[in-house]
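K.L.:
One structure, pasted below without further comment.
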Amino acid sequence: MNKTLQWLLAAAAVMLLLPLLFRFFLPPKAGMAGMLLLYLFIEPLFALFIGIFAGREMKKNWYLPPAAAVLSVLGSWLIFEMGESAFLLYAGGYLVLGVIAMLVTFALGNRKQPQ
């Protein structure tokens, strides 16, 4: 299995499966804390990592940050109200983080080393 497919599966696990697990297997008070942890720490950190990976081969993996953002919206809509616009803001933030990480990684990888 190639690395790109592994990252897509990891994105599906983090953005789709993890919210479902938090919702159904944590008690209500812990579930709220888990969701805050998920939306404010885990998913943004994952967006950064997937952006860094995508920036190493940007021509081949440019679609990974947008795919992670879309999966995040879908995962949120599965456990909360479908069409809730607040989750679009979160996904937009994840998209921005992922794209910036991808562009910075790409720029740093392509700069010439002094001789």
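K.L.:
With all distinct Cα pairs included, what does the Kirkwood hydrodynamic radius of segment 39-97 come out to in Å, to one decimal, could you say?
P.N.:
Radius from the Kirkwood sum: 11.6 Å.
K.L.:
What Kirkwood hydrodynamic radius do you get for the chain when you take the inverse of the mean 1/r over all pairs of distinct Cα atoms, in Å?
P.N.:
14.7 Å
K.L.:
When ligands, DNA and RNA are left out and all protein chains stay put, how many square angstrom of accessible area per residue does segment 34-115 have with a 1.4 Å probe?
P.N.:
Per-residue value: 60 Å².
K.L.:
For a quick size check, give me the Cα extents of segment 15-60 along its three principal axes, largest first, whole Å.
P.N.:
Principal-axis extents of segment 15-60 (Cα, largest first): 43, 16, 7 Å.
K.L.:
I want to verify a result. In a Gaussian network model of the chain, Cα cutoff 10 Å, which of these has the top mean-square fluctuation: LEU17, LEU38, LEU26?
P.N.:
Checking each option, the largest mean-square fluctuation is seen for LEU26.
K.L.:
At 1.4 Å probe size, with the rest of the protein present, what percent of the exposed accessible area of the chain is carbon and sulfur atoms?
P.N.:
73 percent
K.L.:
Same structure, new question: Subtracting the Cα-Cα distance from 0.36 nm times the residue separation, let me have the gained length for LEU78 to LEU20 in nm, one decimal.
P.N.:
So the chain would gain 20.1 nm between LEU78 and LEU20.
K.L.:
Based on DSSP loop calls and a cut-off of at most 15 other Cβ atoms within 10 Å, the longest stretch of the chain free of exposed trypsin sites (Lys or Arg not before Pro) is what?
P.N.:
1-110
K.L.:
Given Cβ point charges of +1 (Lys, Arg) and -1 (Asp, Glu) and nothing else, what value in debye, to the nearest 20, does the dipole of the chain about its Cα centre take?
P.N.:
Dipole magnitude for the chain comes out near 500 debye.
The values are calculated or read from the model by the stated rules, or taken from the named source; none is laboratory data. It should be emphasised that the depicted structure is a prediction, and the values quoted were computed from it without experimental measurement. Cβ: placed from backbone, ideal geometry, glycine included. Neighbour counts: every protein chain shown. The area values use the complete protein model at the heavy-atom level, side chains included, leaving out ligands, DNA and RNA. Shrake-Rupley method; radii C 1.70, N 1.55, O 1.52, S 1.80 Å.
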